[in-house]
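> There's a structure below that I have some questions on.
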Amino acid sequence: MTKQRDQISGSCATDISAREEDSSHAIKQLTEQEYKYGFVTEIEEDSFAPGLDESVVVRLSEKKREPQWLLDFRIKAFRRWLTMEEPRWAFLRYPTIDYQAASYYSAPKKKKTLQSLDEVDPELIETYNKLGISLEEQKRLQGVAVDAVFDSVSVATTFREELARQGILFCSFSDAVQTYPDLVKKYLGSVVPYSDNFFATLNSAVFSDGSFAYIPKGVRCPMELSTYFRINAANTGQFERTLLIADEGGYVSYLEGCTAPMRDENQLHAAVVELVALDSAHIKYSTVQNWYPGNKKGIGGIYNLVTKRGKAMKNAKISWTQVETGSAITWKYPSCLLVGDNSVGEFYSVAMTNNFQQADTGTKMIHIGKNTSSTIVSKGISAGRSQNSYRGLVSIQQKATGARNYSQCDSLLLGDQCGAHTFPYIEVRNTSSVVEHEASTSKINEEQLFYCQQRGISIENAISLIVNGFCKEVLRELPMEFAVEAQNLLGLQLEGTVG
Amino acid sequence: MDSQAHYLQQFANAAHARSAEPSWLRARREAALADFQRLGFPSQKLEDWRYTNVREISETPFVLTTPKTVGSLSSASREALQDPSFDRGPRIVFVNGIFSAELSALDSSPKGLRVESLCAAPQRDTERLIEENLGQHLADNLSSFAALNTALFQDGVFVHLARGLVLEHPIQILHLLDTTLSDGESACFSRNLYLLEPDSHATIVETVLNFGDTRFLCNAITEIVVSRGASLKHVVLQRGNATSLHVSATQVRQDAASRFESISILLGGKLARSDLRSLLNAERAECKMRGLYAACQHQLVDQHTFVSHEKPLCTSEGYYKGILADRAHGVFNGRVIVQPHAQKTSSLQSNKNLLLSDGAEIDSKPELIIHADDVKCAHGSTTGSLSEDSLFYLRSRGLSEDEAKNLLTRAFAAEITALLPSEHLRHRTDAWLTEYFAEHFLSDGNSNKKPIGVTS
Amino acid sequence: MLNIHHLVVKAGDAIILKGIDLHIKPGEVHAIMGPNGSGKSTLANTLSGRAGYEIVSGSVSFQGQDLLSLAPEIRAREGFFLGFQYPVEIPGVGNMYFLRAALNAIRKHRGEPEIDALDFLTLAKEKMKLLELDETLTKRSVNEGFSGGEKKRNEIFQMALLQPKFALLDEIDSGLDIDALRIVANGVNSLRGPERSFLLITHYQRLLDYIVPDYVHVLFHGKIAKSGGKELALELEEKGYGWIEEIAKKSGDA
């Protein structure tokens, strides 16, 4: 690499075009890293035949031995969904999804009910090991409890007992329905109603599994909780449902990771995440999204169509941090309903798209309570032929007096074939609120590149450094374990421990 | 009768007025009418109309205005005509959308300048120019209002500047919309075409004034071509009232190294929607759009801007400020597109809003859509109320709260009004604003009713 | 160490350097002075490999290598250091992280082992004392929010860490008050040695009171109009550049 570049520079000395070729070559090197998680696990799965009608919803519910109220919820949602149209307002172009082509249930076959982690299929343990997620507690980093979701079901939840000693409930969604039906019944659909939007409504009808956590009053969860989602089976849609409740004064930091094998078909992922932060509670939700993005020609990849929303009551705080690098299509707007007075919402996002990826992502901050405040920091990086859009709503309602919002959306373009778009919606209805939004779009700064090079740093590393610096405000919001993964994903080196 | 059927009828009623028109124009009108029949009025499901409901327009059976004698003008309208800024340079006046030769002063036009009624022009030597340009610069998605306008326009202004002509005085265009002259709820459709040949320069000042308290719809479409090296300063001063409905759109096409500068003051109206679009069609074109929109009571002002960078090395700048009081609703949408290969584009947009009452609403949506990488684009939007610190400072210097508010609000506006090309226009606008917002600051009876001098 | 042979350089459509010859031996300190627009910065940019300059003719050898054929980072790794006139800010990139990455890139190039974070910090702190730099600097991003003087001191601090063989300092004195100038000059002087050479580009004689050069060259209209010892700088200060113009005209006539 170095040699080749030297020749380029040598042939026309310091000519401008050579330099541009140089940096574009380096950008190519950086952005063409292979997807590392594309393997398929050979495991026997128990799957529904493709197709979707009301009987599928009923069978799904039966399979999970769900109570009647939950079946009713699903049916209500399914009937509603039939009347809805797939939204097309996002800056995304993809063929109409054939909802009949996917299977709505797929789970690794298990012989009997699991008594302990030792009984989890070794193939699955191995799969998660390959992904860098150890399900064996003694090997885990201290301080992270994992719920592993494989295709449609949760296969293991670690540290469950230890957490239970403090009254923290952490288990798969299906378990929660059986074990804590009152909590689930009370909060399911309380933030994202069954009729909310096309994809959320579909999820409400056919969700398979997901994670559930409840933090009791005044408890600070001693470890990070995390869910690791893996799509494995072909032609399967994944519809998980996550419900997190932090009771008054509770605190939890929650992490979510996801990967999928490389397949030529597009796969659908339509999840719903609901967060409930009761008075003075604080939920920090971090995502590193690395679903298979499709190949360099834009074939395959996950359609990631996700509804995430949190409701913050009095003095509560909800922080969303996301690093979005995967998926062929991303349609995702983690949002905050700032219902309680003095509640706080935060959204920190890095979205990087490459090749033919398309992302339309952002947030909604709905200010309802008095003196509510929100912060939005969004960093978009587009490369290849990708399209990367920020779309965000800041709504200050009339009664939300004294509200504050600050939004900053910056886009960086690496290459002249890609697009970076910014669509902020700002709605203000009272005089005592202050809303500020700033956005900028530019290509990587040549002056900065040259400065790095003059200090001996190669152009590839210089780009990494600068992109990393560009994202720093977001990356520093991530818990340590995730920050490392995020830095690797971005092909970057995170600032070291020095300084 | 639904709105489509109603306008079909209006079209039929005006058949005799069109009988003298050339066949190409009649064909365009018919095609446009068919478009309107197909589209209907825009619904809020359309992103461009998301915050603006036009039901009041679509549900009112407006009747096209008819020519009136000048003698019947209201005293307020007459007063407006006394404005000294109309004394110099060519002046063209329309009453309820219809050209008034009597009130216009076009004799003094310098050589190479044509300022005339668009509908009078096609029969003469300019017909070819009009045929080549009329309706040819409109973007497809300018909504059904453009289609309706093409079908129904009654008259408008045709401006043509010959190559290299540099105008000393602004061209004054005055629209008097006076419902005391009309019978019931009426509508006018005006159509304007400004063509600037290479290296010419002009300032065009359009003043649009509403009088009377009957519902009145004014729909105006303006197409502007600024050729290579030419420059146009386009000033729009529009003062609506509680019964005025305005939907206007201006489409500019800019050639290489041309300059277009728009300064607009949009003051009130039951509904005032303004679309300003520029297509930067060749290298090194420059576009500056700046304006103020303000509304109180239950009024709505909606300012949309759109700049499309089609070629490299162009620059654009947008700066809009809004003042909203009572239960008024303001909408700002500023869109910038940088097309693929439009490298070295520079674009800056800023939107600032001042809310004076808790029931007022602003919906601001600056957008950047960028398909080229070597660009410097940015936008910002801020919304808030008057700074408490500034208010306190002024009060500590002896001003009453209302005086302080008045002063600060006008200072907020002054950043835009200061851009107006003459002292007289600045004063006129400032007086409008003072009058318009008078109730908000000077209503407590003990305040000094005299306007406070603002620096400009 | 550095030999420039009849270097002709174009920027845009204009020829800026019209045949520069300069020979710098190990351990020597040269200064180039000249009025605005004489080509001083073009020379610095060309030697360091910045984009936008076209070599029309001539050559530059650096320690026997063809300098102009090397990528900017290879020049740096070979020991060529440019102290920037306007150091750029790089938000989000930690100053210390950046420097360690640079130092390790250079060490790797020389076949030396990478330095670990702890050793680096010790080394950095030692050099910071030399430049009287505040320790908070280690926590900040590269040049971000630095004052003009801090930026210049940071450049010399970087030079002290990277230990180049040759340093080209482009108007390192501009924007510095007298105290900052003294600190910067001390930093430079402490790095002088028999193996290391310097080329100072400056507008003012003042710098040369603190860093005493072995040779002074006056650049005028893209050519070296006059060369001499350190006393030439004083002469310039006294007589101004008009005097050089006369000389340039004469040499042009001849």
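Throughout, read-outs are computed from the coordinates displayed, never taken from laboratory work. Everything numeric here is computed off the predicted structure, so don't read it as measured data. Positions of Cβ are generated from backbone atoms using ideal geometry, with glycine treated the same way; all protein chains shown enter the neighbour counts.
> In whole Hz, with x marking every Gly and Pro, tabulate ³J(HN,Hα) for the stretch B:308-317 from phi via Karplus 6.51 cos²θ - 1.76 cosθ + 1.60, θ = phi - 60°.
10, 7, 8, 10, x, 6, 9, 10, 9, 9
> In addition: Tabulate in residue order the Karplus-calculated ³J(HN,Hα) for the stretch B:45-62, using 6.51 cos²θ - 1.76 cosθ + 1.60 with θ = phi - 60°, rounded to whole Hz; enter x for Gly and Pro.
Couplings: 6, 6, 3, 5, 10, 3, 9, 10, 9, 9, 4, 4, 6, 6, 9, 9, x, 5 Hz.
> Give, rounded to the nearest 20 debye, the magnitude of the charge dipole that the stretch A:212-334 has about its Cα centre when Lys and Arg contribute +1 at Cβ and Asp and Glu contribute -1 at Cβ.
Dipole magnitude for the stretch A:212-334 comes out near 180 debye.
> Rounded to the nearest 0.05, what FRET efficiency is calculated for B:His6 and B:Asp326 with R0 set to 25 Å and r the Cβ-Cβ distance?
Calculated value: 0.20.
> I want to check the label-to-label distance for C:Asn36 and B:Ser422. Put each point 7 Å from Cα in the C-beta direction and report it in nm to one decimal.
The modelled label-to-label distance comes out at 4.0 nm.
> Across the Cα atoms of the stretch A:210-316, what radius of gyration and what greatest pairwise Cα-Cα distance (Dmax) are found, in Å?
In order Rg, Dmax, the Cα atoms of the stretch A:210-316 give 16.1, 51 Å.
> Grab the eigenvalues of the alpha-carbon gyration tensor for the stretch A:32-332, scale each by 5, take roots, and send me the semi-axes largest first in whole angstrom.
Semi-axis lengths for the stretch A:32-332 are 27, 23, 20 Å.
> When only alpha-carbon atoms count, how far does the protein assembly as shown stretch along each of its three principal axes, as whole angstroms with the largest first?
Answer, in whole Å and largest first: 102, 98, 65 Å.
> Continuing with the same structure: Around A:Ile302, which amide H atoms from residues at least 5 apart in sequence, or from another chain, sit under 5 Å from its own amide H, with H modelled in the peptide plane?
A:Gln267, A:Tyr292, A:Gly294, A:Ser327, A:Ala328, A:Ile329
> How large is Rg/Rh for chain B, to two decimals, with Cα atoms and a Kirkwood Rh?
0.95
> Sort out the exposed loop trypsin sites (Lys or Arg not before Pro) in chain B (DSSP loop, at most 13 other Cβ within 10 Å) and tell me the longest stretch that has none.
Value returned for the longest uninterrupted segment is B:125-396.
> Taking R0 as 25 Å, what's the FRET efficiency between B:Glu283 and B:Glu47 from their Cβ-Cβ distance, rounded to 0.05?
The computed FRET efficiency comes out at 0.25.
> Now, a different point. Using the Karplus curve 6.51 cos²θ - 1.76 cosθ + 1.60 with θ = phi - 60°, work out ³J(HN,Hα) for each residue of the stretch B:26-33 in order, rounded to whole Hz, and write x for Gly and Pro.
4, 5, 5, 4, 5, 5, 5, 4
> Moving on. Within straight cross-link reach of A:Lys399, meaning Cα distance under 20 Å, which lysines are found once same-chain residues fewer than 8 apart are removed?
In chain and number order, the partners are A:Lys311, A:Lys314, A:Lys317, A:Lys364, A:Lys370.
> Cα atoms only, the stretch A:294-388: Rg and Dmax in Å?
Rg, Dmax (Cα atoms, Å): 15.4, 49.
> Round to a whole angstrom and tell me the spacing of the C-alpha centers of the stretch C:130-189 and the stretch B:274-303.
Each part's Cα centre sits 48 Å from the other's.
> I would also like to ask the following. Quick one: which residues, 5+ away or cross-chain, put their amide H under 5 Å from the amide H of B:Phe211? H built at 1.01 Å from N.
Those lying under 5 Å, H to H, from B:Phe211 are B:Leu177, B:Asp178, B:Thr179.
> Now for a separate question. Over all directions, the average projected area of the alpha-carbon convex hull for the stretch B:77-227 comes to how many nm²?
Over all viewing directions, the stretch B:77-227 projects a mean Cα-hull area of 9.3 nm².
> OK, next. In debye, nearest 20: dipole of the stretch B:3-385 around its Cα centre with unit charges on the Cβ of K, R (+) and D, E (-)?
Roughly 320 debye for the stretch B:3-385.
> Excluding same-chain residues fewer than 8 positions from A:Lys109, which lysines have a Cα within less than 29 Å of its Cα?
List returned: A:Lys36, A:Lys63, A:Lys64, A:Lys130, A:Lys139, A:Lys185.
> Extending each Cα 7 Å along its Cβ direction at B:Asp87 and C:Glu144, get the distance between those two points in nm, one decimal.
Each label point lies 7 Å from its Cα, and together they span 6.0 nm.
> Please identify every one of the GluC sites (Glu not before Pro) in the stretch B:236-298 that sits in a loop by DSSP and has no more than 16 other beta carbons within 10 Å of its own beta carbon.
B:Glu283
> What is the set of long-range amide H partners of B:Ser347 at a cut-off below 5 Å, with H atoms built 1.01 Å from backbone N?
B:Ser316, B:Lys376, B:Cys377, B:Ala378
> Starting from the Cα of C:Glu245, step 7 Å toward the Cβ, then list every residue of the stretch C:10-53 with an amide N under 17 Å from that point.
Flagged as within label range: C:34-39.
> Can you tell me the orientation of helix C:241-253 relative to chain C, as the angle in degrees between its alpha-carbon axis and the longest Cα principal axis, to the nearest 10?
Tilt of helix C:241-253: around 60 degrees.
> On to the next question. Multiplying the sequence separation of B:Leu106 and B:Gln343 by 0.36 nm and subtracting their Cα-Cα distance, what value in nm do you get?
Net length gain for the segment: 81.0 nm.
> Using only Cα positions of the stretch B:386-449, each an equal point scatterer, no hydration layer, compute I(q)/I(0) via Debye at q = 0.17, 0.22, 0.26, 0.30 Å⁻¹ and quote the log10 values to two decimals.
So the normalised log intensities are -0.62, -0.92, -1.09, -1.21.
> Lysines near C:Lys223 by alpha-carbon distance under 28 Å, same-chain residues fewer than 8 away left out - which ones?
Within the straight-line cut-off, C:Lys223 pairs with C:Lys10, C:Lys18, C:Lys25, C:Lys40, C:Lys152, C:Lys165, C:Lys239, C:Lys249, C:Lys250.
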